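The values are calculated or read from the model by the stated rules, or taken from the named source; none is laboratory data. For clarity, every value in this text was computed on a predicted model and none was experimentally measured. Cβ placement follows ideal geometry from the backbone for every residue including glycine, while neighbour counts extend to all protein chains displayed.
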Amino acid sequence: MYLFKDAAGEVLYIGKAASLRSRVRSYFQARTSDERSFVALVDRTVTDVETIVTGSEKEATILENNLVKERRPRWNVKLRDDKDFLCLRVDEAHEWPWVEVVRRPKPDGARYFGPYHSAQSIRRTLRLVNRHFQLRTCTDRTLYSRTRPCLEYFIKRCPGMCVHPVDREWYAGQVEAVTMSLAGKNAELLDRLEEQMTQAAAKLEYERASIYRDQLRAVERSLESQRVVSIKKEDEDAWGLHREAELVEVVVLRVRAGRVFEERTFSFDDALLPDEEVLRSVVSQFYAREDPPDIVLVPRPIAPAEVETLDAIWTERKGRSVSLRHPRRGAAADLVRLANENAAHAFGQKRRSEKSIEERLAEVQRRLGLAKLPRRVECVDISHLGGTDTVASLVSLWNGEPDSSRTRTFHVRDVSGGDDYGAMREVLSRRFRRAKDAKDADVQPGWEPPDLLVVDGGRGQLAVATAVLGELNVQGVDVCSLAKETENALSEKLVDRAYLPGRKNPVLLRQNSSALFLLARVRDEAHRVAVGFQQKIRRRKRLRSGLLDVPGVGPRTARALLTALGSLRRVKAATLEQLLAVEGVTRKQAQAIRAYAAEQTD
């Protein structure tokens, strides 16, 4: 194993070879047959080579995957980490297992399914599970603290084990059916459900038989949308690849019981490696996190030694034979051809989408007369309730899409009484001061100035924003405001109007134009975040204010009581012994709480 590093010690490339001396030497030869784009940069970029000796090719492959994931070298192909996706988790060792959404799988013995590439796909899966398989959806804390069933029980989506006796064997069968469906074993699940329905009907358990019937129909409907591509019983994944210069799109079609169970796509914008190495790296990293199928089909031949190593690693993990193949004819080759077509289609869709984004941003730039394309758009919104609990939000769009990593919320400290202009000035001043360090030179990460600043309001808010940018000498930031105003003097209909500095009249934007849509989107998102934050503060104050009225009870004790007992109502209803069981609560405090609860009851 060898690691190329630059002068700063950053890892540029991670590779492996049986003979490190000859392989590393080849990178620095004047004439080489290696056509990889980055090879020409090695002699003037790489200043250090670190080597690692492993006991076998298998160990080298596993170590390479781990190092690429950890060090993220510039010239290697890197898959997006699973923590960026959503997974479904089922812990069958739990008393009453349920399906929960998680973002970071852990080696805790539970079963994980996914990752799912979009929230929409995971919602669709959960909808099927919750509607037809009657697993609980609540947390342990809710389950073991309920005294009566929730709505899920009354609409027949949960057996109500929180208060009613439930057949554990039947519930375990429901969990098994769900895990089979999530694993793509729908053909086996259909046979199982049909058998259970027949057995229940024979025992005159017609209500249970109807449940199995509905589950059977739901699984059949989900299979209708899955394309049949094979009549074989083996599980197989077919990989496809489409490249244009350094832009590469990789697709995997996951086939279970002859049907395309799932399609996943991976995009790489700076792939300097040849197709074969891109495939090897992507496939190797992908199955380091996912269970491999019986057969893995790839559209380009991979070195026999690499194939042998990967087969051995996957077979050892799965416990039965797994093979990597490059088919040239027959049904398997047709499946790979289909994967290649999907890769080309996904590539075209993404490029068209990027072109559409460019056109929309260009329209905003043209209509508002901006100095540059507004790729980064920020909006500030102020929220308060009758002049109290004043807060603000700062949200960001990148290429027209919300960037949650740049969402900020502010407590307005120096202004009160509903002074929106003063609050706007304070928040913008704090935001743009954070954009520079103490030397007023380098931008702090995450606080880079936007291309366009949008403020919610009219000419007054716009004047405040312009003044703040001028006072802080912020350069290169366009600013506008977006206000809801009546369409005309004879109409009560509200329309959005954009105002620009130095211009008295608003900019006329068509109500359905993409320019207005982008401005309204960032404004509405800022309003949603600000109102949500303000409501959260009010709820917290309401929840804690009652306990803070009790003599001797401070914020820390109030927080401990609410965490342990769940609500202010339960704290008031708790016995002296229950209050004393909470860590940090003294007998004097418990007696004061009991006296306070009695006064409230009277």
> Can you spot a residue in the stretch 86-102 that is of a type in the set (D, E), part of a loop (DSSP other than H, G, I, E, B) and modelled with pLDDT under 80?
Replying inline: no
> Counting only residues that are modelled with pLDDT under 85 and either of a type in the set (S, T, Y) or touching a Lys or Arg at 6+ places or on another chain (Cβ under 8 Å) (or both), how many does the stretch 334-363 have?
Replying inline: 2
>> L190 - would you say it is of a type outside the set (K, R), modelled with pLDDT under 80 and over 25 Å from R289 (Cβ atoms)?
In response: yes
> What are the residue pairs meeting all of these: first residue in the stretch 498-527, first residue in the same structural domain as V454 (by TED's automatic domain parsing) and at pLDDT 85 or above, second residue buried (at least 19 other Cβ atoms within 10 Å of the Cβ) and of a type in the set (D, E), Cβ atoms under 7 Å, and 6 or more apart or on different chains?
Replying inline: R523/D456; A526/D381; A526/D456; H527/D381; H527/D456
> Got a number for residues in the stretch 129-162 being surrounded by 13 or more Cβ atoms within 10 Å (Cβ to Cβ) and among the β-branched types (V, I, T)?
Replying inline: 3
> Can you name every residue in the stretch 6-17 that is in contact (Cβ under 8 Å) with a residue 12 or more places away in the chain and either among the aliphatic types (A, V, I, L, M) or not assigned by TED's automatic domain parsing to the domain that holds L67 (or both)?
Replying inline: A7, V11, L12, I14, A17
> Consider L297 against the criteria (1) within 21 Å of W75 (Cα to Cα); (2) in contact (Cβ under 8 Å) with a residue 60 or more places away in the chain: it satisfies all of them except one. Which criterion is unmet?
Replying inline: (1)
>> Here is a check on your reading of the model: is V178 aliphatic (A, V, I, L, M) and within 32 Å of the chain's Cα centre (by Cα)?
In response: yes
> In the stretch 1-17, which residues are within 15 Å of A60 (Cα to Cα) and modelled with pLDDT of 80 or more?
Replying inline: Y2, L3, Y13, I14, G15, K16, A17
> Say we look at the stretch 275-330 and pick out the residues that are part of a loop (DSSP other than H, G, I, E, B) and in contact with a Pro (Cβ under 6 Å, 6 or more places away or on another chain); which of these is nearest to L253 (Cα to Cα)?
Replying inline: H326
> For the stretch 203-226, how many residues are of a type in the set (G, A, S) and either at pLDDT 80 or above or in contact with a helix residue (DSSP H, G or I) (Cβ under 6 Å, 6 or more places away or on another chain) (or both)?
Replying inline: 3
> When you scan the stretch 294-326, how many residues do you find that are more than 20 Å from L63 (Cβ to Cβ) and among the hydroxyl-bearing types (S, T, Y)?
Replying inline: 2
> Can you name every residue in the stretch 111-138 that is over 19 Å from R208 (Cβ atoms), assigned to a loop (DSSP other than H, G, I, E, B) and either of a type in the set (F, W, Y) or at pLDDT below 85 (or both)?
Replying inline: H117, S118
>> Going by what's in this entry, would R594 be described as assigned to a helix (DSSP H, G or I), charged (D, E, K, R) and within 39 Å of the chain's Cα centre (by Cα)?
In response: no
>> Among the residues that make up the stretch 261-273, is at least one of them part of a helix (DSSP H, G or I) and either in contact with an Asp or Glu (Cβ under 6 Å, 6 or more places away or on another chain) or modelled with pLDDT under 90 (or both)?
In response: no
>> Residues that are over 34 Å from the mean Cα position of the chain (by Cα) and at pLDDT below 90: does the stretch 427-435 have at least one?
In response: no
> For the stretch 352-425, which strands (runs of 3 or more DSSP E) that fit wholly inside it have 1 or more residues that are more than 30 Å from the chain's Cα centre (by Cα), among the basic types (K, R) and surrounded by 14 or more Cβ atoms within 10 Å (Cβ to Cβ)?
Replying inline: none
>> A30 - would you say it is at pLDDT below 80 and either among the charged types (D, E, K, R) or more than 39 Å from the chain's Cα centre (by Cα) (or both)?
In response: yes
>> Among the numbered criteria (1) touching a helix residue (DSSP H, G or I) at 6+ places or on another chain (Cβ under 9 Å); (2) more than 30 Å from S567 (Cα to Cα); (3) modelled with pLDDT under 80; (4) polar (S, T, N, Q), which one does Q196 miss?
In response: (3)
